[in-house]
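Visitor: One structure coming up, written as structure tokens, with questions to follow.
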Amino acid sequence: MLNDNLKNYLHLHFIVFIWGFTAVIGALISLDATPLVWYRMLMAVGFIGIYLWIKKIDWKVSRKTLIGFIIGGVIIALHWVTFFKAIKVSNVSVTLAMMSTGSFFTAILEPIWYKRKVIWYEIFFGLIVVGGLYIIFEVETEYVLGIVLALTAALLSAIFTLINGKFIQSYKPSVISFYELFSGVVFLSFYLWFTGGYGTDFFKVSVSDWVYLGLLASVCTAYAFIASVKVMKFISPYTVMLTINMEPVYGIILAYLVFGAEEKMSSQFYVGATIILLTVIVNGVLKNKRKRKSTMF
């Protein structure tokens, strides 16, 4: 029999595995990025709404909080659009490698957001990440647009994380997700309306796409988000951080298994991606040590 700690740790790895598989599903769906995200968010809102109803969770919030949720919803919608667009114009490996930079965007923005001093080694590691990006840019010139879109997605993800860092202290994750996903759907609906995106092709969704969208909305969005917060109550933030860094690794391996040669990159790409990933992990280790020291004194 597995003990509770091991069960929670394995559950966390399963959730991170699901997040890594999200990019693969996005590549399998034939829809363009914007309708893909619109369908995903709409279906996820339905799943989370059912969850709130079954659990009888109070979802009333103040007007000020609602405005914050709307802003968060717009940002996550833009994040997903740029994320899936990056996959469409490049591939899964390039996109996930660039998404690894999200924690460094967070490190840059955190001092501004929380009004704290800049930590010297975060700047140093940031320069190393830039070096890793330079190596990738130098050899993968055909994927420049995908790289830029993925970096934009990583930046938006960092902003979204900082916004939710304050909300999560007062509201249930399911309530936050419901309002933000609903706001994202409304935002994309207006965008599609004004840009003439509701053409006949928009509503022509194949059976396979419906299956993948269902997986994306239910398992990869609604379930993964709620389950991850539940697991985080039993596992230290440090362990969670290190495990989440495995997402691009899982995703790149899965993409290679599913798409084969399409995902095979140059050796320099893997050197650059490894530099970025290892730097992110070392940064996390140092931040954890710094946090432990500050709590001891």
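The values are calculated or read from the model by the stated rules, or taken from the named source; none is laboratory data. Not measured: the values here are computed from a predicted model. Note that we place each Cβ from the backbone using ideal geometry, even for glycine, and neighbour counts take in every protein chain shown. With ligands, DNA and RNA removed, areas are computed over all heavy atoms of the protein, side chains included. Shrake-Rupley method; radii C 1.70, N 1.55, O 1.52, S 1.80 Å.
Visitor: In 5 Å bins starting at 0, how do the alpha-carbon pair distances of the chain split up by percent?
Guide: 1, 5, 10, 15, 18, 17, 15, 10, 5, 2, 1, 0, 0
Visitor: Skip the ligands, DNA and RNA, and give the accessible area per residue of the chain with a 1.4 Å probe, whole Å².
Guide: 53
Visitor: Another one. With +1 on each Lys and Arg Cβ and -1 on each Asp and Glu Cβ, how big is the dipole of the chain about its Cα centre, in debye rounded to the nearest 20?
Guide: In total the dipole reaches around 1580 debye.
Visitor: Take every Cα-Cα pair in segment 12-154 and report what % of them are more than 24 Å apart.
Guide: Across segment 12-154, Cα pairs with separations above 24 Å total 46 percent.
Visitor: Hey, what's the per residue convex hull volume over the C-alpha atoms of segment 91-164, in cubic angstrom?
Guide: 73
Visitor: If I model a spin label at PHE203 and VAL186 as a point 7 Å from the Cα along the Cα→Cβ vector, what separation in nanometres do I get?
Guide: In this crude spin-label approximation the distance works out to 2.3 nm.
Visitor: Now for a different question. Leaving out ligands, DNA and RNA, and with a 1.4 Å probe, what % of the accessible surface on the chain is carbon or sulfur?
Guide: After summing per-atom areas, the C and S share lands at 69 percent.
Visitor: Projecting each Cα onto the charge dipole of segment 60-173 (Lys/Arg +1, Asp/Glu -1 at the beta carbon, about the Cα centre), which of ILE119, VAL92, ILE70 comes out farthest on the positive side?
Guide: Looking along the dipole axis, the top candidate is ILE70.
Visitor: Ranked by accessible surface with a 1.4 Å probe, highest first, in what order do PHE47, PHE269, PHE190 come?
Guide: PHE190, PHE47, PHE269
Visitor: Over the chain, what is the relative contact order in percent, taking alpha-carbon pairs closer than 8 angstrom and at least six residues apart?
Guide: Reported relative contact order: 39 percent.
Visitor: Further question: For every helix of n ≥ 4 consecutive DSSP H residues, a contribution of -39,500 (n - 2.57) applies; sum these over the chain, divide by its total residues, and give [θ] at 222 nm rounded to the nearest 500 deg cm²/dmol.
Guide: -26500 deg cm²/dmol
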